[in-house]
1. Where only protein heavy atoms count, and the probe is 1.4 Å, what is the accessible area per residue for region 516-630 in Å²?
2. Starting from the 7 Å offset along Cα-to-Cβ, what nm value, one decimal, do you get for the label separation of residue 538 and residue 570?
3. Just to confirm the filter: which trypsin sites (Lys or Arg not before Pro) across region 210-268 are DSSP coil and have at most 15 other Cβ within 10 angstrom of their Cβ?
4. Compute the distance in nm between two label points, each set 7 Å from the Cα along the Cα-to-Cβ direction, one at residue 167 and one at residue 95.
5. Where in region 524-546 is the amide nitrogen less than 19 Å from a point lying 7 Å along the Cα-to-Cβ axis of residue 332?
6. Considering only C-alpha atoms, what is the centroid distance from region 578-613 to region 232-253, in Å?
7. Mind ranking 133-143, 310-320 by how tightly packed they are, going by the mean number of other C-beta atoms within 10 angstrom, highest first?
8. Place a point 7 Å from Cα of residue 477 in the direction of its Cβ. Which residues in region 433-452 have their backbone N less than 17 Å from it?
Amino acid sequence: MNDQPSDETKSGEAPAIGKISESPAIESTEVESGTESTYSPDDGPEPITLPDPEAEESQDKPTSPAEPQAGKAGKPPRFYHRFASWYGHRKKWTIPASIIILILILAAIPYSRYHAAGLVLKNDVTVKVSDSVSGKPVSGAQVSVDKISALTNAGGLATLHSVKVGKHTLLISKKYYRDQSLSLLVPIGHQKTTPNVSFIATGRRVNISVINKINNQPVADATIEVSGTSAKTDKDGQAQVVVSASASHETASLSASGYNPAKVSIEVSAGGNDQNSFKLTPAGQVYFLSKLSGTIDVVKTNLDGTNRQTVLAGTGKEDDNDTVLLASRDWQYLALLANRNGSPSLYIINTSDDKMLTMDQGDATFTPLGWYNHYFVYTVAKNGYNDWQSGAFSIKSYNADTGQSLTLVNSNAEGTSNADAKYEAIWDTQLMGNNVIYTRTWYQYPGTLGVTGKQNVLAAIHPDGTASRQLKTMDASASYVSNLKLTKPNELDFGVYAINSGDTSYYSLDGNGNVSANSNLNDQSLYTPGTTYLLSPSGNQTFWQDERDGKNSLFIGDQNATGAKQIADLSDYNAYGWYSDNYLLVSKNNSELYIIPKSGITDDSQAIKITDYHKPAQSFYGYGGGYGGL
């Protein structure tokens, strides 16, 4: 046989089975974790490599045609696999962290920052609009972005709420001004500066000043409406309006919270430096009695005397001696004593609607004591009672809010006929703050003092019927309380008269119900009319007068009439009442009613006359629970 290899074998055909090939040593290369290792059979046994779990996991998975095959050229770096596994096992915080990182990257780019933020974020933005020539704030201008708009206030400021952050076109318009548009960037964070827009007027500028008619103080935030446009006054009562360039004067409407509206005429000149000053009267109405019609009517007017109206026309049966009108301190209710139907009755008028209700009526004599808040207190002396019958005399109160009447005190009596009658008289009653102070004095028919077995009492009760108590008691056979006199809003003096000796002891009562002896008092001090301290609606201030050289000096003080401040000297005015805690009512000649600021006046001419009124015969000296009794 020919031992030479055939041509086919030479050309690369595989050797026969069992044939030992003596080829050179084979070199094996493997990439692991980015390093290269070389192995040869001559090096001894092949080294052992621990299995890689991640690699095994990847090998167990079917190979996708799109995935790179293992090997030096196609296999992804092992770092990618490790990061993917680490990321996948911590999804609870890796995914939110990725979103935050993405947002930060977008926020670093101005365009994408506002474009993306505008999808979810909104912010408030404020702009200021000022006149291009005067530099004064322009109020009442409409400022808008997209569908969001606002009007500028008295300071020329307008705040647009919940505008998407980013760039917008701002539009500003107002009559007699040139419409204006400009670019506005709504920031993501807090607005650091307020852009000031210079607004160009097309008409004539007019300066307006608005003041309080009573105290001459500026009226802030007053609205001026003129020729289809409006403006608001600033804290100094100043405003600028722009009207038609051809106007010489314009009719305007003035209004402000807490003031009566007014119609005024604005003067306009070509120079644009006009200063128009106007006055507004504080809102409110005073009620009083008037006999202008020939009957005694209840009438009301505004605080400057305008808008006079008859609230309740008299019937012609009213009499000066039994007609009284007393207003509560807040002027919400009026108590009217009048003979309208043949006998005197008590009525209540609610000033919110001027409706009248009957408070009390019947065969009796009614005597008003006054108001404590919305409780009206009065006494009732019933006709037709015998001396031995209880309840002939009562102290009552009426709750104007609820319409409920309450009997606070009834007189006591005993006996079967006048021959053996013993009876109480409640002669002296005073309203002192939240207390009705009264005396109980026993008599024996036909009017003899010194009743044995009884007690004479100085007592008190609240207008709502609570806190009934005895302040001082004494043997009815020996002494009784002789007189009560208010000396301060919450202080009262009185005497105790000894029946047998004729001596009088003197005492003072304070607002806490404490009774103490007062040796500085005497009969003259008790029987001389005292000062009437009129409490303000809040109860925190008092108003009174002191006669000096035939004139009056007017004072205000705190709730106890201390810390007196003189507000008028040598005046012809008398203290009459309050209207709110800011204004004082004064009277002149018992027929003229005026209003002044609580800061006072230096001359009587500064008082503003409200009206003439009818002064009835009764005066309520010492009455501080309301107004109208002087």
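The values are calculated or read from the model by the stated rules, or taken from the named source; none is laboratory data. What you are looking at is a predicted structure, and each value in this text was computed from that prediction instead of being measured. Note: ideal-geometry Cβ built from the backbone for every residue, glycine included; neighbour counts use all protein chains shown. For the accessible areas, the whole protein counts, side chains as well, though only heavy atoms, and no ligand, DNA or RNA atoms are used. Shrake-Rupley method; radii C 1.70, N 1.55, O 1.52, S 1.80 Å.
1. Spelled out: the 1.4 Å probe surface of region 516-630, per residue, equals 45 Å².
2. With each label placed 7 Å out from Cα toward Cβ, I get 3.4 nm.
3. Loop-located and lightly packed - 235.
4. Going by the 7 Å Cα→Cβ label model, 3.6 nm.
5. 535-541
6. 31
7. Listed from highest to lowest mean packing, they are 133-143, 310-320.
8. Residues 442-445, 448-452 qualify, since their backbone N sits under 17 Å from the label point.
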